[in-house]
Amino acid sequence: MMKTMKYYLKNIFLAASCLWLFTACNDFLTLYPEDDIVDDEYWETGEDVQSVVASCYRFMLEDNVISRIIYWGEARSDNMDYSTSASTDEQYLKDANLLSSNGLVTWGDFYKVINICNKVIKSAPAVRDRDANFTEERLHNYLAEVYTLRALCYFYLVRSFGDVPYVTEPSESEQQDYQVAQSSADDVIVPALIEDLKLAEEYAPEEWPTEQYTRGRITKNAVRALLADVYLWKASDAGNSEAQADYRSCVEACDRVLYNQAMYETEMMMVEGNRMYNSVFYTGNSTEAIFELNFDKDGKMNGATANLYGNTTKGKSAHFEPTAQLFNTYLDVQYDYRARDFIAATVEAGSDGSVVPPTSFKVFKYEGQSPASALVPHTSYEYSYRASTSTANWIFYRLSDIYLMKAEALAELAVTDDERKTVISLCNVTYKRATMEMDSLEYADYPSMDAVKAMVLQERQRELCFEGKRWYDLLRKVRREGATAGAYALLEKAYAREVSTYKARLSNPEAWYLPISLTEMNANTQLHQNSYYAMKEQ
């Protein structure tokens, strides 16, 4: 592991700002410099373990983590374009004109979380011998949390960079070898994540004592959601001979979420369409939430969504804006609450009653407070944004995603007409919710499996836009189909300028991923640069 990955823990405490996670938190959390090594004597009680586990969540809240989820998983996609407020690095990211010197490709904050998780995995089991009150069940719950958070971090890294260093031992001394080569994403890391998540599912609690903890900490359902996502990604590898089995495993993981809801005291259900925005994105911890990071207006606020998506009340100009192409996918639907809930746009009727196409769009999801009351395209929108004292949670998984992941996996497995109908019915869960049952996806409109697969991808786009998922959705398609015209056409939609230039760049699959940061390359001589960028920078 390179020097820039090294983070040591000493005297870790929880501040009042961590009340979002644990009760009776009254100290503060500190990361000490690299040469300050944590003593093994620190690990004395179950409360010590709890504190370090909490710090994993705390570092996931950093703007550098959330902003990179947006940069890597959303900003590169056809959902977004950069605005006049975007930095040069942000413009180059969007334009597929990346170099290793771009500041947005650094990964240190993810490895910071990974390192703390590694320390818990190594040191927590011995605490059982020192603290008689530290039960095996509590230990297993904490291990489930860190195995899952570590897997989540690695999952973002492999989808964004491909092969990365796979480190499972914590940084503990200057004598350790921090020169670590990359491991194969598809052959080594992803299979290892699946094994870790299987163990985490066994160890994780069904739910925590409070609803906020159940939505904001790792539970069995959070593990299952991530496991389904990893299986879906693994199956999309064109060289994977076990793809069909992986798609079935994805479906099974989704089913363990969908069909075990009656077991929980914490209610789990889809929110009605007319209440969805306020419940899911403004208030947070809704009945359809599976795992979301809980920010706190009195502690750690979510600066990433305001900084990148914009918030006029907070004086933040958007760096990225929705594309007209995305907005138009909603206009194809007669009544779709998501058009007004997720995107702020002015839609006016012309003198002849026709709709005048809007010329500018803003992301409303996350930073919005109150969407317009009318549905598109009947009136101009008037929007209000979160106050400076208000902050949004970041949602990793919710029930909508589970239905649509299952639909995508089943679409790859489906052969019969009945199986095609099942896929459409799964997509109708989100579609009909968004249209308040006034419209539905009809079987007759999707006469082939290719049409059904395209519909699933579009419904994921409409439902999950701006949640850091779209670029990875597109990558799954091109990984499955390889160099087909249809697959590349989807990637090309992400670029509104000089399409021929982008088409040439994207013809190399290595360009689908990010370059390894020059900072990391200089610190770790075992790293090798992605071949596309190595040739580009010669």
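The table that follows gives values for the structure above.
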quantity	calculated
Long-range neighbours under 7 Å by Cβ, at least six apart or interchain, first residue of a type in the set (Gly, Ala, Ser) within the stretch 94-123, second part of a loop (DSSP other than H, G, I, E, B)	ALA96/TYR495; SER100/PRO515; SER100/ILE516; SER100/SER517; SER100/GLN529; SER100/GLU537; SER123/TRP43
Evaluation of MET436 against (1) surrounded by 15 or more Cβ atoms within 10 Å (Cβ to Cβ); (2) within 28 Å of PHE342 (Cα to Cα) (one fails), failing number	(1)
Hits in the stretch 457-472 - residues which are of a type outside the set (Phe, Trp, Tyr) and in a loop (DSSP other than H, G, I, E, B)	CYS465, GLU467, GLY468, LYS469
Filter result for GLY299 (of a type outside the set (S, T, N, Q), farther than 26 Å from ALA75 by Cβ and either modelled with pLDDT of 95 or more or in contact with a helix residue (DSSP H, G or I) (Cβ under 6 Å, 6 or more places away or on another chain) (or both))	yes
The stretch 440-456 - residue that is under 27 Å from the mean Cα position of the chain (by Cα) and surrounded by 14 or more Cβ atoms within 10 Å (Cβ to Cβ) and, of those, farthest from LEU426 (Cα to Cα)	ALA454
Failed item in (1) in contact (Cβ under 8 Å) with a residue 40 or more places away in the chain; (2) on the phi > 0 side of the Ramachandran plot, with VAL452 passing the rest	(2)
Tally of residues being part of a helix (DSSP H, G or I), more than 30 Å from GLY73 (Cα to Cα) and not β-branched (Val, Ile, Thr) across the stretch 112-145	13
Residue satisfying all of: in the stretch 271-321; among the aliphatic types (A, V, I, L, M), assigned to a helix (DSSP H, G or I) and in contact with a Ser or Thr (Cβ under 7 Å, 6 or more places away or on another chain); nearest to TYR92 (Cα to Cα) among these	LEU308
Members of the stretch 67-111 that are under 21 Å from VAL164 (Cα atoms), part of a helix (DSSP H, G or I) and in contact with a Leu (Cβ under 8 Å, 6 or more places away or on another chain)	SER67, ARG68, ILE70, TYR71, TRP72, LEU93, LEU104, VAL105, PHE110
Checking THR219 against (1) assigned by TED's automatic domain parsing to the domain that holds ALA144; (2) closer than 29 Å to VAL53 by Cβ, the condition it does not meet	(1)
Test: residue in the stretch 203-213 that is small (Gly, Ala, Ser) and in a helix (DSSP H, G or I)	no
Number of the condition not met by LEU199 [criteria: (1) hydrophobic (A, V, I, L, M, F, W, C); (2) assigned to a helix (DSSP H, G or I); (3) without any contact (Cβ under 8 Å) to a residue 24 or more places away in the chain]	(3)
Filter result for ALA86 (at pLDDT 95 or above and more than 26 Å from LEU518 (Cα to Cα))	no
Among (1) among the acidic types (Asp, Glu); (2) within 30 Å of TYR383 (Cα to Cα); (3) touching a Phe, Trp or Tyr at 6+ places or on another chain (Cβ under 7 Å) - the single one ASP246 does not satisfy	(2)
The one condition in (1) more than 17 Å from ASN530 (Cα to Cα); (2) part of a helix (DSSP H, G or I); (3) not hydrophobic (A, V, I, L, M, F, W, C) that ASP186 fails to fulfil	(1)
Total residues in the stretch 279-335, condition more than 21 Å from THR435 (Cα to Cα), among the β-branched types (Val, Ile, Thr) and either touching a Cys at 6+ places or on another chain (Cβ under 9 Å) or touching a residue at least 40 places away in the same chain (Cβ under 8 Å) (or both)	5
Meets criteria (surrounded by fewer than 17 Cβ atoms within 10 Å (Cβ to Cβ) and closer than 28 Å to LEU475 by Cβ) for SER160	no
Of all residues in the stretch 229-263 being part of a helix (DSSP H, G or I) and of a type in the set (Phe, Trp, Tyr), the one that is surrounded by the most Cβ atoms within 10 Å (Cβ to Cβ)	TYR231
Only listed residue being modelled with pLDDT of 80 or more and surrounded by 14 or more Cβ atoms within 10 Å (Cβ to Cβ), chosen from ALA487, ALA494, ALA534	ALA534
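Here's the yes/no breakdown for (1) touching an Asp or Glu at 6+ places or on another chain (Cβ under 8 Å); (2) among the acidic types (Asp, Glu); (3) modelled with pLDDT under 95; (4) not assigned by TED's automatic domain parsing to the domain that holds SER67:
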position: TRP107; (1), (2), (3), (4): yes, no, no, no
position: ILE116; (1), (2), (3), (4): no, no, no, no
position: PRO125; (1), (2), (3), (4): no, no, no, no
position: ARG159; (1), (2), (3), (4): no, no, no, no
position: PRO170; (1), (2), (3), (4): no, no, yes, no
position: ASP177; (1), (2), (3), (4): no, yes, yes, no
position: ASP187; (1), (2), (3), (4): no, yes, no, no
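The values are calculated or read from the model by the stated rules, or taken from the named source; none is laboratory data. Source: prediction; values computed, not measured. Virtual Cβ from ideal backbone geometry, glycine too; neighbours counted across all protein chains shown.
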